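Student: Here you go, one structure.
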Amino acid sequence: MFFAQTIDSWITLTGALIGCWYAYRPAVPGPKQAEWEAWHQRWGRLLQVLAPLLAVVAIAKILIQLRAQ
């Protein structure tokens, strides 16, 4: 059970870090720049709040699991 919970926490942390990358990534110039900026206007603020929060929760879960072992 410990191994499965640890993997779950690491997957959650990975998803949170990817969310942070998308939240704080600037729009790169190119053919889809307007589409990216529209997406970022709609979802960027939500990701800027939720992704770091999820990362903190995942790190806390990992530390708690390591301490309980």
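Derivation of every value follows stated rules applied to the coordinates shown; laboratory data play no part. These numbers come from a predicted model, not from an experiment. Cβ atoms come from the backbone with ideal geometry, glycine included; neighbour counts cover every protein chain shown.
Student: Taking Cα atoms, how many degrees apart are the long axis of helix 33-68 and the longest axis of the chain, rounded to 10 and kept between 0 and 90?
Tutor: 10 degrees
Student: Just want to confirm a number: the relative contact order over the chain, from Cα pairs under 8 angstrom separated by 6+ residues, in percent. Don't skip to the answer; put the middle values down first.
Tutor: On the way: 44 pairs, mean separation 36.4, N = 69.
Relative contact order comes out at 53 percent.
Student: Something else now. Dividing the convex hull volume of the alpha carbon atoms of the chain by its residue count, what do you get in Å³ per residue? Write down the numbers at each step before the final one.
Tutor: Numbers: hull volume 5.4 nm³, N = 69.
Cα-based convex hull of the chain, divided per residue, equals 78 Å³.
Student: Run lengths n ≥ 4 of DSSP H only: what is the helix-derived mean residue ellipticity at 222 nm for the chain, with -39500 (n - 2.57) per run over all residues, to the nearest 500? Write out the running numbers ahead of the final one.
Tutor: Details: 2 runs with 59 residues, N = 69.
Calculated from helices alone, the mean residue ellipticity at 222 nm is -31000 deg cm²/dmol.
Student: Taking +1 at the Cβ of each Lys and Arg and -1 at the Cβ of each Asp and Glu, which of P29, Q69, T12 sits farthest along the dipole of the chain towards its positive end, judged by Cα position relative to the Cα centre?
Tutor: Q69
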